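Just so you know, all these numbers are worked out from the coordinates, no wet-lab data involved. Just so it is clear, the model here is predicted, and its values are computed rather than measured. All Cβ positions, even for glycine, are placed from backbone atoms using ideal geometry, and neighbour counts span all protein chains on display.
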Amino acid sequence: MKEFSSRLFWKLIVSTVVGVASSLPLAAPVAAHETSSSGSVVVHITDTGYVPALITVSRGEEVVFENLSNEERWPASDSHPTHTFYDDSTLEQHCLNSQSAAFDACGPIASGDSWSFRFDRAGTFLYHDHLWPHLTGSVVVQDEASDAVANPDLATRRSIIKIASVLRVIGIWPQPIFFLAKPEVELATTVGAHDRFNVLSEHYTALTREADPSHAIETLQQDSETDPTVSTLCHDLLHDIGQVAYSKYGSFQGATNYQSSFCNSGYIHGVFEAYFSKAANPLQDLPGQCEAYSATTGRNFDLWECQHGVGHGLMYLTGGDLDESLKLCEDSFGGSGAGACNNGVYMEIFNNELLANESRFVDPGDPTETCLGRVNESAFCYLYLPSYFIETLEIPYEDVFAKCAAVKADFVNFCMQGIGAEAIKRNITTPAAVFNLCDNAPTSTDQQNCAAGIANMYLNQVGSLPTAESMCSGAPSRYVEICSGAVAAQRASFE
């Protein structure tokens, strides 16, 4: 049998979608793009996105991005958050080089300001807003000599995702669109998974806008059971769903009517990120908002997750200022509530999304420096440190054990738990393989802490005691006791 080429596949899909779409009501035509007095093409950045979202220019032509929204914006080449698509250099590489010709604003554009970029190569270049990754656009740069487009397939795929998302909502397209990778034998990390993140995010946020967050979350949950990449990225995808939900309903209460604890409650974290970026007075009565959020279930787990989500939101509010965010946690909650909030702050500082001020607090050469001297729940700092090693620095799991063994003695156990937590978060459907990973830890105590981290994160991901207890009963015999004990220790929070 001849190999079925991806280009032929997409042509068939396009013809099918166009055939179906031709029977739907037509939208109003999109106006031609605007030009400035200097002749540059202008893209307006509004509160709802980039307008027009698709433009065509000639190689060497300048595009001006004018921020007409009420907030800061940061246009940059895909993929989020590394911005490597245009010239293969990462955000950290090209933003430190003032002579770089990368498609990246390299910082927020204030409301009323603009940023311009001259496209010096032909192709189809997808971009997004680094501060609000669900806001996207495309620039087709034509080579005047050949009028050829170097990479049309990517723009086609994004268009198909948008069309298919709408068709699925109205029942014409019954299955979600995925570009499935072959299953890997080794444990998954987020390396490579982020290549699909924008496509997946656009799919689920479209479901949120066209239907509601419950439909998007239920679809994501179903898809995560069969697609390893969706499972790996489910928490980050839920953040985007939560952000779009807040924008759609315009209030914290409106968005949290669609409460979900799936995948470590990523949805409420995203809601808070949007809330702290958009609300007029976001610091008002945070304890009361979290108490109201958890009142529907009566579980301390949901109260903790809400307070944890506040930590994520405070990092957005401060632009990634670690010290200021930790202080706001203490001022807003105090006691155990501040601890949960601090937990969210540390999780945000070490994830793969770079906020404006974060580089002041994390040194890629020695990220352990971030945790030294912190007085606010510094154990949480070491708990999330492995996330940075694995996700951002792309260090193999096995080598991170040595990194954790070298931290301050009082915090080695938290770092070892963090390895197990990060691994199970990315491999939720294969817990047995993750437990086997713990065998690489230097000592038996380290191995047990790694297993405890698996149990704690698994319970947070699934949000169900019976499911977590069942997982522990199927763990390798050497880890059953520590796994079951870790789950039992959290029983009161789930009842």
Check: In what sequence, highest mean first, do 473-480, 416-423, 88-95 appear when ranked by Cβ atoms within 10 angstrom?
Finding: 416-423, 88-95, 473-480
Notebook entry, point to check: What net charge do the residues around residue 442 carry, taking every other residue with its C-beta under 14 Å from that of residue 442, with Lys and Arg at +1 and Asp and Glu at -1?
Noted result: -3
Next item on the list: Treat the count of other C-beta atoms within 10 Å as a stand-in for reagent exposure and order 457, 315 from fewest to most.
Entry: 457, 315
Margin query: Please list, ordered by chain and number, the residues whose modelled amide H lies under 5 Å from the amide H of residue 135; skip anything fewer than 5 residues away on the same chain.
Written below: 129
Next item on the list: Compute the signed sum of charges (Lys and Arg +1, Asp and Glu -1) over the other residues within less than 12 Å, Cβ to Cβ, of residue 77.
Entry: -4
Margin query: How charged is the neighbourhood of residue 365? Take every other residue with its Cβ under 14 Å from the Cβ of residue 365, and add Lys/Arg as +1 and Asp/Glu as -1.
Written below: -3
Item checked: Long-range amide H partners of residue 116 with built H, under 5 Å -> 65
Notebook entry, point to check: Rounded, prolate or oblate: which one fits region 34-150, using the alpha carbon gyration tensor with axes a ≥ b ≥ c (rounded when a/c is under 1.5, else prolate when a/b beats b/c, else oblate)?
Noted result: oblate
Next item on the list: List the extent of the Cα atoms of region 397-495 along each of their three principal axes, largest first, rounded to whole Å.
Entry: 37, 25, 22
Checklist line | Tensor-based shape of region 248-357 (alpha-carbon gyration tensor, a/c under 1.5 rounded, otherwise prolate or oblate) | finding: rounded
